[in-house]
Each structure stands twice: as C-alpha cells, then as structure tokens.
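**Q** I have a structure here, written as structure tokens, and I will follow up with some questions on it.
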Amino acid sequence: MCGIVGAIADRDVVPVLIEGLKRLEYRGYDSAGIAVVDAGRVRRVRRTGRVSEMEAAAGAEGFSAQLGVGHTRWATHGGVTELNAHPHVSHGVALVHNGIIENHEQQRARLEALGYVFESQTDTEVIAHLIDLHMKDAGDLLQALQRAVAELEGAYALAVVSHAEPRRIVCARMGCPLLIGLGEGENFVASDVSAIIQATRRVIFLEEGDTAEVTRAGVRIFDQRGARAEREEHLSDVSLASLELGPYRHFMQKEIHEQPRAIGDTIEAVMDEGAFGAALFGAGAEQVLEEVESVQILACGTSYYAGSVARYWIEAIAGLPCSVEIASEYRYRAAVANPKQLVVTISQSGETLDTMEALKYAKALGQERTLSICNVPESAIPRASRLVYYTRAGAEIGVASTKAFTTQLVALFTLAATLAKLRGRLTAAQESEYLDALRHLPGSVQHALNLEPQIVAWADRFAPKHNALFLGRGVHYPIALEGALKLKEISYIHAEAYPAGELKHGPLALVDADMPVVVIAPNDSLLEKVKSNMQEVRARGGELFVFTDQDSNFGESEGVHVIRTPRHVGVLSPIVHTIPVQLLAYHTALARGTDVDKPRNLAKSVTVE
Ligand code: M6R
C-alpha cells in the first residue's frame, strides 16, 4: 500500500526520492508525488498512475533540491485523483502520510471553522493544516508536529518538511512502520528499507509514538512523552539483488524459482542445530512454549492458508488442539481466551493491519504467549510478539505471495515438531526422519519446478476459461485454496476451492464441460477417496487436471490430465504440491496478458482495514 521516502543531503535528492518511490511500487499504489524545499519555497508534483509519469513531470519542471519527501498512494479516503495524491501542503508545510486518521471529520470541521480551505477528500490534508495551525504558536516544526499528532486518532507514519525550516525533515510514527536511514552527511526517512537501500543499509526503526528530527548531520528521536530516546541502529540485510528482476520476466516468476534457496535458508538454523528445539524461536522460548495447552493461529490471505496447513501438523504431530482464524474476523469476535494458549501470527510483511490488531486483541484478552512467523525483520508484528521465527525468503516483491508461503510452511512444520518434542511426543527416530525430510526439501521443490513445461501446456487451456474449481483433501485442502487464490489474484479467473468430499454437497452443480477442475491428489492415505471424488466430476462431464505423484496408481484417460511430481515426499508433501499450482496461475496469467506483479486493485502490504 502507501509508501514514504524522504531525504536531506548536500546533493540533489530528487533522483533519490524517485528511485525510492520506484522501489516502493511493488507495494501497490495508484498515484505518486514529491515535494521539495527549494530556495525557500515548497515545490510539489503529483500524478495519478505510475511513478515514471510523475518523474517525467518533475523532470519537465526542472525539480532539483537538497530536501524533499515523496509518496506512493493507494486510495482509501477519496478517489484516485491528483488532488488526493500526496504530498499535501498547507502554507509551506508539506507532508506525506501512511495510515488512516479516524477523527479526521471532527478535525476537518474544526479547521474549516478556523478558515482552512481543503482541496482534497483525504484524511491526510487535515494533518497538514493542523501542523500549520500549531506552527503559528509553536514556531517550530517539530513541536508543531508533536502537538498535531497528540490530537490525532488512528494510525500514521508521517514525514514533514517546511519552507520555513529548510534544514530538517520531521517525522512521526504510530501504528505504521517508519525508519530512518543513516548516510554520510545525508540522512533518509522511509516506510520500507527497500526505498533507501541504494543509499544506505544503516537504519533505525522508530517505535510506536516516536517523533524525530532528521538533519544532514544527525537524528534526534523523542518518545511518546516527548523525552529524548535512544533507538538501536541496525544493518539491513535486504540485498539489492532481491529487489531486481535479473533474467526473469516477472518478480513472481523469479520468486517461484527462488524457493529451493529460500527454503534452504529458512531451515539453516534447524540444520545447524541438527535438532528441533525451543531456542529456534528466540530467547526464553522454552518458558513460553512449555505447558502450552492449545494453539490459535491468526493471519490473512495466503498466510492464513499456511496456518490452515499447520493446523493438520500441530494436531497430528504435537497432539495440541489448534484453531486457525482469519485475523479480521478474530479481532471483532468475543473469543474465549486461555493464557496457556500459544497465539501464532503469520505475516510475510509483518505490517498487515488486521493481523496486527488481532494480535493486540489476543494480548488484551490476557494471552501473552505470542509467536510471530514473519519474513521482514524488525517489522511491527514480530516486534509486538514475544517470540519470532523469521522466514528467510528474502524480499518478496510480487503481490502474489509465493516463496513467503512455502517458507512459512517450513517454519510452521518446525514449530509442530518442536511442540511435539517439548511434550515428549517426538521419538528420536521421528525427529531424525523429519530432519531428513527437511534436508531433502529444497531438492524436491526443484524437481517440482522442473514440471514447468508441462504446466505451460495446461495454462494455455485455462487462459480462455471464466471459472475453475480446485479440490484437495486433508492437509492438501489448503493447497487447493492457495491455488485458487493465486489463480484469481493474477489471472482474474474466478476460482473456488473445496475439500473434495464436500463437492457433492453443493459445488458439483457447477460442474460441466466448461469447468476445469484442478485436483491436488498426492499419493497419501486419502488418495482413494480423492479418486472417488474425481469420478463424480467426470460423470458430470467435468475436465480434470490432476497433480499427483509418480508412484500414484492411476493414469491419464479421456478428460483426465495428469502431471506427476517425482515421488511422494510424505509429511512435507503440501509444500511440494504448492509449486505446480503457483506455476499454473503464473502461466495462465501470462497467457491472458495481465499485470502479473501488480494485479489490479491489490496491494502488497495491506496496512488499512
Ligand atoms: O503480509 P501478509 O502475509 O500479512 O499478507 C497477508 C495477505 O494480504 C497476503 O497473503 C495476500 O493474500 C497475498 N496477496 C496473497 O498472494
């Protein structure tokens, strides 16, 4: 969703702002803009559409300055128009904002009564006017910002410049991530480290309620009470290569193919230990994980499907009751709390607002045993959790999540095995069998990737379709759900997933010769059941596209197309069977000519409700 970048230097910062905004494009946006302070005045350029259009306009108008802020906006309050695009300006104060101000209507009415004229429909413009109002009595941009944010309700990351103070950027954070990048004689502000990685890797993450002043010479941070605060400096390990496409056509394609490496990196800590153990989940994990009576998983979208796979593992391997709930539902439900319940949040970005709020709610109910499985170090959700397991997928740029999902599964399997071990339910023989399965997983995933040419042929048959059904059973049912989500997200083909046994209870009515039915049918204990369900489809003229394993005892026949992974990999089979459904979605979207990495209406990080 929205992205922020800001820079102060003794060189022209416009190229830094533009490059930063381009690196933020993956998050999803519909307009972009920059504001710079140049020769004592604020200059601003905004455009709907791509950053490159705004860049061309800035170039045409000769923008150049040593101080400025930029923004990519994903519309929430007010449509996609130039007037609603950030930065918003009030009498020489220019600001960019991520988040949502909940009391913007009251503030707007108050400011209008004081004579302020609004040009946009956004909640953000309120903040620009409020800072300008406080500038009148504070006479200092940082103090004006601190007074303004004290009057705001909601979530914000803010970066502000003023024509009156051309030597600093001031910023504030509450509920949305914001970091400061430290350079040599130049400093930066960003919502996401990728926006400034070309300039510096040294970063400071602001904490909830912080405000800060960023000059060329340094940074001063203040906590929510206004007292000076020290925040730790980190060296970001986001690599430039992970932000670049290399030889691939799309980031999604690159990220699908990176999975053997991403999984290998994610299991490294387990392999180094040569055992499952609480220490893998951080300091003090043993205390948190022992005596856990149940597990509650909270997540959204693809991360929710990872949790849905984990439920099967946690119940079967660790013998613990496990429920999985969509975070946006849990947070508004009168849930029954248990202080001995382990609350697991799963999030690629670590910033999904619904997941964050569900976590806060779970904690407010007295559940302090919290674990975050996350791909972005130091992001909001792991920081709010007692324990963390970082997946090491590397930056995921494609909106459709791929390598984040399979690495989440690896982390969740590790959790299930660890909980089992802590509860005395994992024999030494089982532990070494599971470790062996993990060790061989990158290779098995690579074999599944090698099926790509066969899947391309199927994609051509899917491309003209309007609907598709995905079926799976047991631990592979969530993989059917994930396959359907991938297909609808990037190809815009309507796709639904069902547990195969549920077909006859309704969805079978949809099946005809025009309805392709994808079946995840590995060679496990449910295969015979799935085969019966496939018969139900064939008997109604439905065309079956079946992903199975080499050793399954059935073959192709009329209306039944089969692609086989080399062999059934046992308990980790859902991870291997994810690869073909990702490739099917990718190649179908390619055949339909959609914008694979930036599907319409979607954003990479969903930081609003
Ligand atoms: O960053 P998160 O894992 O918390 O994001 C959750 C969902 O928004 C995300 O998985 C979404 O469903 C993806 N677009 C799926 O491909």
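The values are calculated or read from the model by the stated rules, or taken from the named source; none is laboratory data. Just so you know, these numbers come straight off a predicted model, no measurement behind them. Positions of Cβ are generated from backbone atoms using ideal geometry, with glycine treated the same way; all protein chains shown enter the neighbour counts. The area values use the complete protein model at the heavy-atom level, side chains included, leaving out ligands, DNA and RNA. Shrake-Rupley method; radii C 1.70, N 1.55, O 1.52, S 1.80 Å.
**Q** Past the 19 Å Cα-Cα mark, which pairs from Lys465/Lys529; Lys363/Lys421; Lys465/Lys531; Lys340/Lys360? Display every interim value, and only then the final one.
**A** Working: Lys465/Lys529 27 Å; Lys363/Lys421 26 Å; Lys465/Lys531 24 Å; Lys340/Lys360 16 Å.
Where the Cα-Cα span goes over 19 Å, the pairs concerned are Lys465/Lys529; Lys363/Lys421; Lys465/Lys531.
**Q** How high is the FRET efficiency between Ser557 and Ala316 when r is their beta carbon distance and R₀ equals 45 Å, given to the nearest 0.05?
**A** The formula returns an efficiency of 0.85 here.
**Q** Add -39500 (n - 2.57) for each DSSP H run of 4 or more in the chain, then divide by its residues: what number comes out at 222 nm, to the nearest 500 deg cm²/dmol?
**A** Numbers: 19 runs with 216 residues, N = 609.
Value at 222 nm, helices only: -11000 deg cm²/dmol.
**Q** At a 1.4 Å probe radius, carbon and sulfur cover how many percent of the accessible area of the chain?
**A** Carbon and sulfur atoms account for 48 percent of the accessible area of the chain.
**Q** Using Cα-Cα distances under 8 Å and only pairs 6 or more residues apart, what relative contact order does the range 29-121 have, in percent? Display every interim value, and only then the final one.
**A** On the way: 146 pairs, mean separation 28.0, N = 93.
Value for the range 29-121: 30 percent.
**Q** Follow-up. Identify all lysines with a Cα-Cα distance to Lys403 below 26 Å; exclude those on the same chain that are fewer than 8 residues away in sequence.
**A** Partners within reach: Lys22, Lys254, Lys486, Lys488, Lys598, Lys604.
**Q** Let me ask something additional. For the range 333-458, what does the alpha-carbon gyration tensor say about shape, rounded, prolate or oblate, given a ≥ b ≥ c as the root eigenvalues, a/c under 1.5 as rounded, and a/b over b/c as prolate? Don't skip to the end; give the middle numbers.
**A** Values: a/c = 2.48, a/b = 1.32, b/c = 1.88.
Oblate shape, in that a/c is at least 1.5 and b/c is the bigger or equal ratio.
**Q** Normalising by the residue count of the chain, find the relative contact order in percent from Cα pairs under 8 Å and 6+ residues apart. Walk me through the numbers on the way to the answer.
**A** Values: 1388 pairs, mean separation 72.1, N = 609.
Relative contact order for the chain comes out at 12 percent.
**Q** Next up: If you average the C-alpha positions of the range 241-279 and of the range 487-527 separately, how far apart do those two centres end up, in angstrom?
**A** So the separation of the two Cα centres works out to 29 Å.
**Q** Next question, about the same structure. In whole angstrom, how far apart do the alpha carbon centroids of the range 342-370 and the range 132-158 sit?
**A** 30 Å
**Q** I've got another one for you. Would you mind getting me the FRET efficiency between Glu53 and Arg228? Use the beta-carbon distance for r and R0 = 41 Å, nearest 0.05. Display every interim value, and only then the final one.
**A** Values: r = 42 Å, r/R0 = 1.02.
Computed FRET efficiency for Glu53 and Arg228: 0.45.
**Q** State the Cα centre-to-centre distance between the range 5-69 and the range 429-466 in whole Å.
**A** Between the Cα centres of the range 5-69 and the range 429-466 lies a distance of 42 Å.
**Q** Moving on. Helix check for the chain. Which DSSP H runs span at least 27 Å along their own axis by Cα, with a mean Kyte-Doolittle hydropathy no less than -0.5?
**A** Numbers: long enough: 403-422 (29 Å, 1.19); 428-449 (32 Å, -0.30); 573-592 (30 Å, 0.66).
The answer, listed by residue number, is 403-422, 428-449, 573-592.
**Q** Also: How would you rank 203-214, 277-288, highest first, on the average number of other Cβ atoms within 10 Å across their residues? Intermediate values should be presented prior to the final figure.
**A** Working: 203-214: 20.4, 277-288: 16.4.
Ranking, from highest mean packing down: 203-214, 277-288.
**Q** Output the peptides 560-569, 290-299 sorted from most to least packed, where packing is the average of other Cβ atoms within 10 Å over each peptide's residues.
**A** Working: 560-569: 18.7, 290-299: 20.6.
Highest-to-lowest ranking by the protection proxy: 290-299, 560-569.
**Q** So, R0 is 56 Å and r is the distance between the beta-carbons of Asp137 and Ser239; what FRET efficiency does that work out to, to 0.05?
**A** Numbers: r = 47 Å, r/R0 = 0.84.
Here the calculated transfer efficiency is 0.75.
**Q** What ranking do 22-30, 47-55, 477-485 get when scored by the average of other Cβ atoms within 10 Å per residue, highest first?
**A** Numbers: 22-30: 22.7, 47-55: 18.7, 477-485: 26.6.
Per-residue mean Cβ counts within 10 Å order the peptides as 477-485, 22-30, 47-55.
**Q** What relative contact order, as a whole-number percentage, does the range 447-575 give when Cα pairs under 8 Å and 6 or more residues apart are counted? Walk me through the numbers on the way to the answer.
**A** Working: 214 pairs, mean separation 30.8, N = 129.
Over the range 447-575, the number comes to 24 percent.
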